[in-house]
Every structure is written in structure tokens, then in C-alpha cells.
Amino acid sequence: MIELWRGGILESVHAGHAVICDEKGEVVEAWGDPEAVIFPRSSCKMLQALPLIESGAAERFGLTEAQLALACASHNGAHIHTDAVARWLDGIGLAEPDLRCGPQMPDDPPARKELTCSDTSPCQLHNNCSGKHAGFLTLTKHLGAGLEYVEPGHAVQKAVRTAFEEVTGEASPGYGIDGCSAPNFATSVHGLARAMAAFASANPDGNARDRAASRLWRAMAAYPELVAGEGRACTNLMRAMGGKVAVKTGAEAVFVAILPEQKRGIALKILDGGTRASEAAITSLLVRLGALEAGHPVVAQYLTDPIRSRRGIIAGATRLAPGFA
């Protein structure tokens with residue numbers, strides 16, 4: 001999909017799979033193997049958040065659109081993220097120790113510096129998945145279930161798996177444990193793109209599933225700074241598209257996009273796990289579908305700008321591989 005050239009010589013190649021689906025879940029275009037089974041990792045957080053709304057938990061606890069965006073987030077651990085998650089937990093009568101995501105050093109530079117200079121250890125609020133886990137805890141409270149909500153047999157994860165399989169249109173062949181300790185259900189690239197197309201075509205005035213899906217993607221697009229953070233591709237791309245498209249990355253170079261105006265869903269996976277390639281690939285597909293202007297500076301940032309040395313000398317270039325986008 002993506003090539004790196006330096007000195008006129010092909011230096012690196014990033015292979016992968018990508019699928020664009022329509023509102024019927026049919027493949028419009030594909031590269032690689034659409035039926036390749038992958039772990040979507042954090043790219044599927046909007047699927048994991050569906051039961052939070054469909055169960056009535058979001059309404060019962062008065063969750064805001066910002067909180068729903070955090071439920072779908074892989075955030076930087078900045079104060080706008082950690083403070084919001086702390087308030088959310090307090091609002092449902094819980095606190096940081098009730099999370100099961102584990103501590104993580106924040107990626108946000110000011111937050112990282114603050115912890116380092118104060119000799120303070122990071123906590124679970126800094127975990128990039130703490131918003132998703134606050135959502136899990138909210139559903140746990142609503143269901144009256146035990147606090148070990150990351151266990152695969154827990155009521156929360158059973159609800160997540162049901163929603164995941166229904167929207168992907170596939171029975172998951174199994175799960176792996178994500179970095180935040182929650183189960184991550186596998187599906188095909190086609191299934192993941194089908195799910196994104198279902199979100200893209202969801203009727204905000206339709207059935208319960210449509211209303212939940214529509215509310216989630218709109219929350220993501222409305223609060224791009226909460227979904228990721230400053231300097232991150234998800235935030236930068238959503239800002240560039242003016243709230244019309246929701247995108248989400250996942251670990252090991254997965255990327256998805258929800259394009260409501262086109263009623264299209266995109267899913268892609270770079271096989272070597274290279275983030276620079278997944279960011280370039282999703283950018284190229286967003287341009288291909290007309291969701292992103294080719295001349296926008298964000299396209300240059302992730303795809304077309306030359307690679308420069310630390311002195312600013314042009315050293316190479318990222319290119320689309322022949323036959324891709």
C-alpha cells in the first residue's frame with residue numbers, strides 16, 4: 001500500500017488490506033484480502049460503546065456527547081481527558097481504583113512532563129482507554145453486575161460481543177486481550193468496514209441501534225480533541241473534515257472511517273503494524289472518496305510532504321504503491 005523512497009531507491013514497503021463498504025455492507029473497493037481476520041484493537045471502540053446507549057445506561061446517568069466521545073477514545077492522557085474521566089466516575093459513584101485498564105504514562109507532552117518533574121506515577125486515568133472503561137463501568141452499574149467487567153464472561157463483555165457480531169455481520173472467531181486488559185474480538189477487514197458503513201448509514205431517528213450508532217459517530221466528530229488529542233492523526237483528520245466524518249485508529253496499524261455523506265465505511269490494516277503507513281493509507285482513501293480535499297495541509301502532513309533530515313534537507317518521500325488508491 002505505502003512505499004518509502006530515499007535517494008531514488010525503494011527503502012521500505014508497507015503491505016496491507018483495505019475495504020470500502022456501502023450501506024448494504026457490500027464491498028465497493030478492496031485491496032489485499034477483504035476476508036483476512038484481524039484484531040481491530042481500538043478502532044472498534046464505537047462498537048464496544050453501543051450497549052452503553054442501547055441498554056439505557058447513557059440516558060440513566062445523563063451522559064453527555066463529550067463523555068460518549070471519550071467512550072470511543074484512545075486519548076493522550078492530557079488534563080482534558082483525565083479530569084473528564086475522573087468527573088465521570090465520580091458522577092456514577094466510582095473512582096480511579098474501580099477501573100481495570102491499568103496505569104499508563106500519558107502521551108500528552110505537558111502531562112508527561114508534569115508527572116516526571118513531580119516524581120508522580122501515572123494512574124489508570126492516564127490510560128488511553130480510560131474513557132472506554134468509564135463507559136464499561138457505567139454499563140456495569142446499570143446492569144447491577146460485578147466490577148470485574150473485563151472478564152470475557154462478564155455481562156458487559158457479553159453485550160459487547162453481541163453488538164460487535166451483529167454490526168460486523170460475522171460471528172467472531174475469538175478474542176485477544178487488548179493492552180487495556182479488555183477482550184478484543186476478531187473479525188475480517190470486510191466485517192469491520194461493514195460495521196463502519198452501518199454507522200455511516202445509521203438513521204438518527206431510526207431504531208435503537210441506528211440512534212445509538214448515529215449518536216456515537218456524531219460525538220466523535222464533534223469532539224476530535226477528546227477522541228485522541230493534540231498532534232494525533234485522528235484529531236487532525238476529523239478537524240480537517242469539519243465534523244462530517246469520524247475516524248479512529250487502533251494499535252498495530254488498524255484505521256477505520258465513517259463517512260455519512262457517502263454512506264461508506266472504511267477499514268484497513270497494515271500488516272507490519274506501522275502507524276505511519278496506516279495514517280498515510282487512510283488519508284489517501286479519504287481523499288479518494290472526496291471526504292478530504294487533496295490540497296488540505298493535513299494531507300501533506302500524512303501523505304504528500306517530503307521526508308526531511310533534521311536540518312530540513314529533503315531526504316525522501318512517502319508514496320502510494322502501484323495499484324493502491
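The values are calculated or read from the model by the stated rules, or taken from the named source; none is laboratory data. This is a predicted model, so every value here is computed, not measured. Positions of Cβ are backbone-derived with ideal geometry, glycine not excepted, and every protein chain shown enters the neighbour counts. Ligands, DNA and RNA are excluded from the accessible area calculation, which covers all protein heavy atoms including side chains. Shrake-Rupley method; radii C 1.70, N 1.55, O 1.52, S 1.80 Å.
One line per residue, one yes/no per condition, for (1) more than 18 Å from ALA198 (Cα to Cα); (2) open to solvent by 20 Å² or more (accessible area, probe 1.4 Å); (3) modelled with pLDDT of 95 or more:
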{"residue": "LYS248", "(1), (2), (3)": "no, no, yes"}
{"residue": "ARG264", "(1), (2), (3)": "no, yes, yes"}
{"residue": "LYS269", "(1), (2), (3)": "yes, yes, yes"}
{"residue": "ARG288", "(1), (2), (3)": "yes, yes, yes"}
{"residue": "ALA294", "(1), (2), (3)": "yes, yes, yes"}
{"residue": "PRO297", "(1), (2), (3)": "yes, yes, yes"}
{"residue": "PRO306", "(1), (2), (3)": "yes, yes, yes"}
{"residue": "LEU320", "(1), (2), (3)": "yes, yes, yes"}
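Of the residues that make up the stretch 69-89, is at least one of a type in the set (Lys, Arg) and part of a helix (DSSP H, G or I)?
yes
The residues of the stretch 63-94 that are touching a residue at least 24 places away in the same chain (Cβ under 8 Å), open to solvent by 40 Å² or more (accessible area, probe 1.4 Å) and more than 22 Å from the chain's Cα centre (by Cα), listed by number, are GLY91, GLY93. Of all the criteria given as (1) surrounded by fewer than 16 Cβ atoms within 10 Å (Cβ to Cβ); (2) assigned to a strand (DSSP E or B); (3) touching a His at 6+ places or on another chain (Cβ under 9 Å), the one not satisfied by ASP33 is (2).
Among the residues of the stretch 177-191, the ones that are closer than 16 Å to ALA71 by Cα and in contact with a strand residue (DSSP E or B) (Cβ under 7 Å, 6 or more places away or on another chain) come to 3 in all. Residues of the stretch 165-210 that are among the β-branched types (Val, Ile, Thr) and either more than 15 Å from SER42 (Cα to Cα) or surrounded by 20 or more Cβ atoms within 10 Å (Cβ to Cβ) (or both): VAL167, THR168, THR187, VAL189. Restricting attention to the stretch 158-198, report how many residues are in contact with a Phe, Trp or Tyr (Cβ under 7 Å, 6 or more places away or on another chain), of a type outside the set (Ser, Thr, Tyr) and not in a loop (DSSP other than H, G, I, E, B). Qualifying residue count for the region: 6. Only residues that are under 20 Å from the mean Cα position of the chain (by Cα) and either more than 22 Å from GLY231 (Cβ to Cβ) or among the hydrophobic types (A, V, I, L, M, F, W, C) (or both) were counted across the stretch 284-325, and they come to 9.
Does THR140 fit the bill of being β-branched (Val, Ile, Thr) and either open to solvent by 40 Å² or more (accessible area, probe 1.4 Å) or not in a helix (DSSP H, G or I) (or both)? Answer is no for this residue. Of the listed requirements (1) part of a loop (DSSP other than H, G, I, E, B); (2) surrounded by fewer than 17 Cβ atoms within 10 Å (Cβ to Cβ), PRO97 misses just one: (1).
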